[in-house]
Amino acid sequence: MRKIKWGVIGAGGIADRRTLPGMMLAENAELIAVMEVNAELTEKLRVKYNAKRGYTSYEELLADPEIEAVYIASPVVCHKDQAIAAAKAGKHILLEKPAALTIADGEEILKAAKDAGVLIASGFMMRYHGYHQKVKEMIAAGEIGQVVSARAQLTCWYPEIPGAWRQDKSKSGGGALMDMGVHCIDLIEYILGSKTVMTCGFNDTRTFSYNVDDSSNILIKLENGVAAYVDSHFNIPDEAAFCRMEFYGTKGSILCEGTIGQVEGGEVRAVISDAGGYNAAQDRSTSGSFKVEAKLGNMYQKEIESFGRSVADGTPLTVPLEDAIHVQKVALAAYAASEEGKYCMVD
Ligand SMILES: NC(=O)c1ccc[n+]([C@@H]2O[C@H](COP(=O)([O-])OP(=O)(O)OC[C@H]3O[C@@H](n4cnc5c(N)ncnc54)[C@H](O)[C@@H]3O)[C@@H](O)[C@H]2O)c1
C-alpha cells in the first residue's frame, strides 16, 4: 500500500493530542515534517513522532518537495492563508474545522484548491465513529421508520484563558456553536443524509466574559423535513455532560450517549417498536431498549487513512470541504437568527 507523505501545520494542539497519534496508526501514512511556531516545541514534536524534519514556518514546510499532503490544525484565523498557500504549493489538504473565519474565506480556499487540482477535506472526524456509521446504516434501512425528530449535544467547560484564540471572535469566528455545535450539525446532516435549510435559536454569553457564545441552543430544519435540536455549551462541567445524540422515528428511537467527542467510545441503545394501535393509557413499560453493537477504532486514524485513499486512488472524499462550508453557513445563520429574533434560511 502506498504511504501518503504528510506534513502537519500547527502540530502542537489537537494534532498532538489526537491526530498525530492517529496518523501513527494509519497504514497508508508517513509523517515527513511538523511545523510549529516555536523551535523548541517543533523539535519536541519532531522527535516524539519521528518526523524527518521540523519547521517553524509553514512556508518552509510547504516548500518541502517530499510532502504531498498537509494537515492544517492551526487556529482558525490562520486557516485561509495557510490553506491557500498549501494549494498553490500543490499539496493536498486536510483542513481542520471550521474552514475559515468567514464563508467568503472558505470559498476562496476551495477555489484555490480546485484551481490547483488538489484535494481538500474538512476535519469532521466524528463521521468515522463506528457507532455513527452504524446509526446511519440503521436509519437508512428504515429501522426506526420515518425520522421525525433529532438532537445532538456537545459541551465542555471552558473558562476564560488569557490570550486564548477561541475566546476572541476575530480569531475563531464564533464560540460554542462555531467550535463544537458544527460537529453536531454535521453529524445530524451526515447520518440523516439531508442538509439544513433553515434555523433559529439562542446564542448567548451567560457565564464567562469573553466575546463569543458560551451557550448555544438552536433548532435546524432539514430538507427532508426533520427538525433537530443542537445544544453546545462552554459552561457545563465535562463530567456533567452526556454529549447525547438522539433520533426518534415512527417505529423507534436511537440514543447515543458519549459518542460525540474525541474518543471513539460511548454507548448506543435503540428501541424498535411497531406502534400498532393507539394506546390511550400511553403505557411505556414494555418498550425495552437494546444495545447497538459496532466495531470501534480510532476516528483520527480512520480520517487520515480515508483522506490518504482519496489521494492515492481517487476514492471520493468522506468529508469534502464544501460540507464544512455549508455547516458554517448554518452556524452563521443561527447566530443571525438569534440576534434578529427570527428564523433564517440557509443558502
Ligand atoms: N476535529 C477535532 O477533534 C478538533 C478538536 C480540537 C480542535 N480542532 C480544530 O483544530 C484547530 C486548532 O485547534 P486546537 O484546539 O488544536 O488549538 P490549539 O491552540 O490547542 O493548538 C493550535 C496550535 O497551532 C499553533 N499555532 C499558532 N499559531 C500558528 C501559526 N500561525 N501557524 C501554525 N501553527 C500555529 C499553536 O502553537 C498550537 O500548538 C481549530 O481549527 C479547531 O477548531 C479540531
Of (1) within 20 Å of the chain's Cα centre (by Cα); (2) surrounded by fewer than 21 Cβ atoms within 10 Å (Cβ to Cβ), residue 312 fails just (1)
Which members of segment 291-337 meet the condition of being part of a loop (DSSP other than H, G, I, E, B), of a type in the set (Ser, Thr, Tyr) and farther than 15 Å from residue 190 by Cβ?
-> 315
Among 144, 161, which is the only one that is surrounded by 18 or more Cβ atoms within 10 Å (Cβ to Cβ), in a loop (DSSP other than H, G, I, E, B) and modelled with pLDDT of 95 or more?
-> 144
Any idea which of (1) crowded, with 21+ Cβ neighbours inside 10 Å; (2) away from the ligand (no atom under 11 Å from the Cβ); (3) of a type in the set (A, V, I, L, M, F, W, C) is the one residue 125 doesn't satisfy?
-> (2)
Are there any helices (runs of 4 or more DSSP H) wholly within segment 7-116 with 3 or more residues that are crowded, with 21+ Cβ neighbours inside 10 Å and either under 20 Å from the mean Cα position of the chain (by Cα) or more than 15 Å from the ligand (Cβ to nearest atom) (or both), and if so which?
-> 20-25, 76-88, 103-116
For residues that are polar (S, T, N, Q), modelled with pLDDT under 95 and surrounded by 14 or more Cβ atoms within 10 Å (Cβ to Cβ), tally how many sit in segment 266-309.
-> 2
Can you tell me which residue within segment 181-211, out of those that are of a type in the set (A, V, I, L, M, F, W, C) and closer than 18 Å to residue 337 by Cβ, is nearest to the ligand (Cβ to nearest atom)?
-> 182
Report yes if some residue within segment 35-45 is farther than 27 Å from residue 297 by Cβ, touching a strand residue (DSSP E or B) at 6+ places or on another chain (Cβ under 7 Å) and among the β-branched types (Val, Ile, Thr); otherwise report no.
-> yes
Does residue 177 fit the bill of being in a strand (DSSP E or B), hydrophobic (A, V, I, L, M, F, W, C) and buried (at least 20 other Cβ atoms within 10 Å of the Cβ)?
-> no
Counting only residues that are hydrophobic (A, V, I, L, M, F, W, C), in contact (Cβ under 8 Å) with a residue 24 or more places away in the chain and out of contact with any helix residue (DSSP H, G or I) (no Cβ under 8 Å at 6 or more places or on another chain), which one in segment 128-141 is surrounded by the most Cβ atoms within 10 Å (Cβ to Cβ)?
-> 138
Is there any pair with a first residue in segment 111-125 that is more than 19 Å from residue 73 (Cβ to Cβ) and a second that is of a type in the set (D, E, K, R) and surrounded by fewer than 20 Cβ atoms within 10 Å (Cβ to Cβ) whose Cβ atoms are under 9 Å apart and which are 6 or more apart or on different chains, and what are they?
-> 115/88; 116/88
If we keep just the residues of segment 152-173 that are polar (S, T, N, Q) and more than 10 Å from the ligand (Cβ to nearest atom), which is farthest from the chain's Cα centre (by Cα)?
-> 170
Evaluation of residue 245 against (1) surrounded by fewer than 16 Cβ atoms within 10 Å (Cβ to Cβ); (2) modelled with pLDDT of 95 or more (one fails), failing number | (1)
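The values are calculated or read from the model by the stated rules, or taken from the named source; none is laboratory data. Fair warning: this is a prediction, and the values are worked out from it, not measured in the lab. We place every Cβ from the backbone using ideal geometry, glycine too, and count neighbours over all the protein chains shown.
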